[in-house]
Each structure stands twice: as C-alpha cells, then as structure tokens.
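Input: a single structure, listed below in structure tokens.
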C-alpha cells in the first residue's frame, strides 16, 4: 500500500500478511499497529520493531534481510494456523497497549511528571499504581 487511502481498515483487511521492512522507522509504528489491530500478522525489520513492545514470534515476526523477509512471509502464507495465532496475539496486544484509555493514562502520567515522554512503551498501570492520586476538584471548579 502506497499513498493516501480513504479507509485504512478496508485496505488492511485485504492483506493476508503485512510487511514493513523499513530501515528507518519514523512514523512506521502506526502503520504496523494498524495492521496488528486488524489481526494481520506482520513481518517487520528489527528497526521497525524497536518502538513496539510486543513480542518477536508472538505478535509479529522480525526479518532483516530480503531472504529472511521472503521466508517469513512464505511461511505465514503457507500456515493459516500460524497466521491466525500471530494475528490474534497482535490484535490483543494493540487492544491492551494502544487503546485510547491506555494512551490517556500515559499522557496523564507525563503531565504529572511521573514518566517522561519516552518513545519506549511504559507500563502505565504499574506506574499509576505507585503514583500519588491527585486531589479531587471542587464541585464548582472548571
């Protein structure tokens, strides 16, 4: 897929396997996460995988050479069970770690100064459990 599309989900759902072999991973994670959210197995480079804290061979496959990429894609195309296992795990990962609720919790911790705006994923639930709770707002405070 290249260029603008009207409905990313409609496009991604046409894929059997998503491939992201990029060697520069700027903005790439969103494309990978969109495929993962659609329960599509993804084959990506180790550089593309750096910003995604999912598990190699669990939620995606890593391949850094053209031969390894081809072999991984061919393996997934030939093995429906493996495709579905990785795609389902990828979908669960995105639902658990990239939902709006999750991201808003992370944003609140950044604003509170309890974590930095790092690119590496942070377990916000664990940080939030340790964080002091903010004082509730007065009823008439806006």
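Annotations
- Of the candidates 46, 72, 88, the single residue that is at pLDDT 80 or above and buried (at least 19 other Cβ atoms within 10 Å of the Cβ) is 72.
- Yes/no for residue 118 being over 20 Å from residue 37 (Cα atoms), more than 23 Å from the chain's Cα centre (by Cα), at pLDDT below 85 and not assigned by TED's automatic domain parsing to the domain that holds residue 45: no
The values are calculated or read from the model by the stated rules, or taken from the named source; none is laboratory data. Predicted, not measured: the structure shown is a model, and the values here were computed from it. Here the Cβ is made from the backbone with ideal geometry for all residues, glycine too, and neighbour counts use every protein chain on show.
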